[in-house]
Structure formats: C-alpha cells, structure tokens
Amino acid sequence: MKLEYTSPEYLVFYVTLFTVIGYIDGCSRERSRVVRRVITEKIYPLYKSVQAEIPDKCILNKERDIYAIQEDQKYNEPPNKWYCNICGKGFIAEYYLDLHFTNRHKEYIRQGEDVLCLADYCDLYRCDIVAGIQTAEFWDISLCLEEDMEDIKQRCKEVFSTCVPQGLSKNATLTLEEGLNEIVCNFHSCKKYWETPLEKPRDVSVMYTVFTVFTFIVLIIYYCIGYQYYYTDTFTDMYEPSFKPSYKLPNQQVRQRIVNTDS
C-alpha cells in the first residue's frame, strides 16, 4: 500500500517516528537535557565552591553521560540557529540537530558498562516540573502526604551519597551533602515539590521578534520624516508667512504722497 503525503496513515507514521526518535538509543535526549541542565547550572558550581572533584562512580560524573560528547559539539546562535561542530551543518532547531547526531554521528555516543542515561533519574530531578510540562492542580496539592514523599527522598539521598568524595574536610563534606539535598532531594516534599531549582529561561525568540518589529516601525517613521523633509515642501511651507499685508504702513503712504506731489 502506497501512502500519500496527505493521507492520515502518513501523518500517523511521522508523528510516531518523531515521538520515538529520542529513544533510538534507549535514552530520551530531551529528558536527559533537563537533568543535565540542573547538573550544569546548579551542581557543578557547588563542587567548584569546595574545590572538589566528582567521584567516578557518581551519577553526576560527566564521563558517564551517554550524550555528553555530542552535547559539547553543539553551538547555538540565537534565537533558533543550531550548528554541529563536528561537520559544520546548521539547523533551525535543536530537535533537528539531535536527529542529525543520531543519524550521522552515532560514534560520538558513549558506550560501556558505566555509561548512564540521565533521563533514568527524572523521578529524582522531577523533569516534567523543571521543564514546565507539568504544573500543580488543586487536588495534587490538597491530597499530598509527606509520608508518600519520604521514600523517594531517602532514595535520592542514597544515590547522591556516592557523590561526596573521600578525604574532604568536615565543612566541605557538609556543604556538599546539604547542597545536593537542597538542589534535588529536598524538593520531594508537599511544600516544594512543584517548585524548580532553575530560573525560568527567557523566551529569546519572542524578545527578538518584538525588537525586530520595533526597529522596523522606527525605520518607517524615520524614512517618512526624511522623505518629507528632503523631497516635499511640507517643512518649507510650515515656515512661510500665512498672509501678506494688504495695506501699506502709514510711513509708506506719506512717502508715496510726497513723491506724487513732487512729480
């Protein structure tokens, strides 16, 4: 059976394809990106503040991230231009760059027993909430029980217990433990579950559009004023007298009479 480009079967095929494409390697790129952003923006600076290295067995270690190499080869030119630093190709969205990496540069996907998919830890990082996909409803808040949150909070602390290096000072160890809990684990409570540790990203595309429209309007106004000034008499007419005297001044009349008398 041959599918037409406009047939429902064709559309269903491509919707399914685009949905599954992020899981070609068994790991969602988009959900991994949410976890990676929390790690990059919040957790790495925490380690830097105490001058500590992330242990090899820790899930935060960049060397274990299946997509880390490919992510480092991305270049974004605002608002929506993405480039592959491996081959130089450009794309109109990050989504298409991900497809390009999957199809053309699979050798840059990490392999091995220690490699992990960050998306597997979305239950700890609350990916849908951090990404803004899921928001709280009335019953989510009203029926929340702290006892239900305790199990996943304890699991979160156990996972990050392997991320505190040995040999640190007592203060540095305490800073790391409290910091990791504050960034990730402590959000598993009825009070904070629907909050996010990250600032909401600015919508660069909207800002760019507003700026472009504003600039276009200013250029039109400037052009109209310049055209009127240089190519029409509008501005000249504004400074010409609106009337001419229809009578002569008394002195002028006297002089005229004298001239007539002499002649």
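The values are calculated or read from the model by the stated rules, or taken from the named source; none is laboratory data. Note that the structure is a prediction, hence the values are computed from the model and not measured. With ideal geometry, Cβ positions are generated from the backbone for all residues, glycine too; neighbour counts draw on all protein chains shown. Protein only, heavy atoms only, side chains kept; ligands, DNA and RNA dropped before computing areas. Shrake-Rupley method; radii C 1.70, N 1.55, O 1.52, S 1.80 Å.
Some points to look at:
- Only one entry of 128, 140, 123 meets the criterion of being open to solvent by less than 90 Å² (accessible area, probe 1.4 Å) and without any contact (Cβ under 8 Å) to a residue 12 or more places away in the chain, and that entry is 128.
- Residues that are modelled with pLDDT of 95 or more, in a loop (DSSP other than H, G, I, E, B) and surrounded by 12 or more Cβ atoms within 10 Å (Cβ to Cβ) do not occur anywhere in the stretch 171-181.
- Filtered residues of the stretch 71-87 (kept if in contact (Cβ under 8 Å) with a residue 40 or more places away in the chain and either open to solvent by less than 60 Å² (accessible area, probe 1.4 Å) or not in a loop (DSSP other than H, G, I, E, B) (or both)): 79
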